[in-house]
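Heads up, the thing below is written out as structure tokens.
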Amino acid sequence: MFETRPDREAEVALVGRSNVGKSTLMRELTGHSFDTGGSPGVTREPNHYDWAPEDFVITDLPGFGFMSGVHEDHREQIKTDIVHYLEEYADNILVAVLVVDGKSVIDIIDRHSGPDEIPYDVEMFHFLRELDVPTVVAVNKMDKVDDTDERLNELCDRLGLLPPWKQWQETIAPITAKRGQIDSLNEAVREHLHEQNRDDLFKFF
Ligand SMILES: Nc1nc2c(ncn2[C@@H]2O[C@H](COP(=O)(O)OP(=O)(O)OP(=O)(O)O)[C@@H](O)[C@H]2O)c(=O)[nH]1
């Protein structure tokens, strides 16, 4: 279990597979650069952007999935730790941001769909819903995607949301974190904060 979390009442948590751009997004959101080491899977412990005066923390959870040089057992352990973290702090997490790579997410989901296999992103999306944690899917790297609407409609379909994606703007937020294009995510997060009477946290998004 991760033991680095500051004791804060309110939290926004970023989850997602390795290399989807969580650290890049974290930097854009906070203006703070976390030492990620640069290669996939380097983020093994959560990064917390601790805002004590507001009793608020933004957390970047470790990436899950393929990591070169990381043994299968360890990968499973990281996944288990993430699940436990989300369960333990579900009441504190006002919004979860599930980050995916817009370029590859459909292929990865389809490759891992089978009679006894649920793709991580789909599993995580449903798990967060079960926990009653409002979730925004940040579809990153949209600079590499040409057919935006088609791609986002496909993603809705895989997540069990009825397309067109445009009716899910509180849930599906296409972004290009690397260029600082994250307005749609900020708006979606604000919607969820507003619903929970936390307009005081708008300044972070
Ligand atoms: N084209 C493109 N590349 C991006 C974007 N955002 C991030 N990247 C690149 O994606 C790679 C991974 O980004 P990171 O932010 O390190 O990803 P991460 O999800 O934190 O990775 P882990 O540490 O493995 O969890 C880097 O090469 C980034 O420059 C984007 O919006 N567009």
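No lab work stands behind these numbers, since they all come straight from the coordinates. Keep in mind that what you see is a predicted model, and the values were worked out from it rather than measured. Counting neighbours? That spans all protein chains shown, and the Cβs are built from the backbone with ideal geometry, glycine included.
Quick rundown of the values:
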item: Nonlocal Lys pairs with alpha-carbon distance under 26 Å, the chain (8 or more apart, or different chains); result: 22
item: Residues whose placed amide H lies under 5 Å from that of residue 181, excluding near-sequence neighbours; result: 176
item: Within the chain, percent of DSSP bridges classed antiparallel, to nearest 5; result: 25
item: Nearest-20 debye value, the stretch 10-197 charge dipole, Cβ charges on Lys, Arg, Asp, Glu; result: 660
item: The stretch 189-199 - phi-based ³J(HN,Hα) in whole Hz, Karplus 6.51/-1.76/1.60, Gly and Pro as x; result: 4, 4, 3, 5, 5, 4, 4, 9, 6, 10, 4
item: Kirkwood estimate for the stretch 1-140, i.e. one over the average of 1/r between Cα atoms, Å; result: 15.3
item: For residue 99, residues with placed amide H under 5 Å, excluding near neighbours; result: 15, 16, 138
